[in-house]
Each structure stands twice: as C-alpha cells, then as structure tokens.
Amino acid sequence: MATYRGVVKDGVIVLEGGVRLPEGVIVEVRVIGWEEAFERVLRHRQQNAGYLVGMDEILAEDRKEREERYDEWTGNLSPNA
C-alpha cells in the first residue's frame with residue numbers, strides 16, 4: 001500500500017509532488033496534528049473573546065430572553081394566555 005502526504009485546499013486534498021490517483025480509488029485519510037491546530041483555535045478564540053462561555057450559560061440566557069419577550073415569540077400578551 002502506497003502512502004502519500006497532502007494538504008487540504010478549498011476542501012480538496014492536494015497530494016504532494018503532483019501525485020494523482022485514479023478516479024474511483026478508495027483512500028483512507030488520517031489527519032496529522034489536528035490536536036495542536038484545535039488548541040491554537042481555542043487559544044485564539046479565548047484571547048479574542050476574553051472569556052469562555054459554557055453551554056449552560058448560553059441556554060440560561062436564551063431561556064431568560066424568551067421569557068422576557070414571550071409576546072413577541074408567540075403573539076400572546078402573557079405566558080398564561
């Protein structure tokens with residue numbers, strides 16, 4: 001079994017050295033270094049956002065907003081209507 005290296009460009013894997021595989025050939029792709037890339041993304045987002053937000057906080061904020069603006073969501077004047 002041959003092994004080739006490549007890079008994803010615009011959603012397509014481009015193999016090094018201009019290697020071209022025949023149409024219909026079945027391949028197995030293994031991502032190298034994704035853990036490090038993921039950590040870099042998390043650090044970048046954390047620096048830009050200034051803090052991490054958990055899903056519980058997001059859901060609580062959404063619930064509060066829906067309760068405060070119930071009439072806009074449903075067209076009713078009160079949540080008991």
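Of the residues 31, 44, 17, the one whose Cα sits farthest towards the positive end of the charge dipole of region 6-74 is 17 (charges of +1 on Lys and Arg Cβ, -1 on Asp and Glu Cβ, taken about the Cα centre).
Computed packing ranks the peptides 57-67, 15-25 as 57-67, 15-25, most packed first, by mean other Cβ atoms within 10 Å. Subtracting the Cα-Cα distance of residue 36 and residue 66 from their residue separation scaled by 0.36 nm leaves 7.0 nm.
Given a Förster distance of 30 angstrom, what is the FRET efficiency for residue 9 paired with residue 55, based on the Cβ-Cβ distance and rounded to 0.05? The pair residue 9/residue 55 has a calculated efficiency of 0.35.
No lab work stands behind these numbers, since they all come straight from the coordinates. Note that this is a predicted model, so its numbers are computed, not measured. Here Cβ is always computed from backbone atoms with ideal geometry, including for glycine, and neighbour counts include all displayed protein chains.
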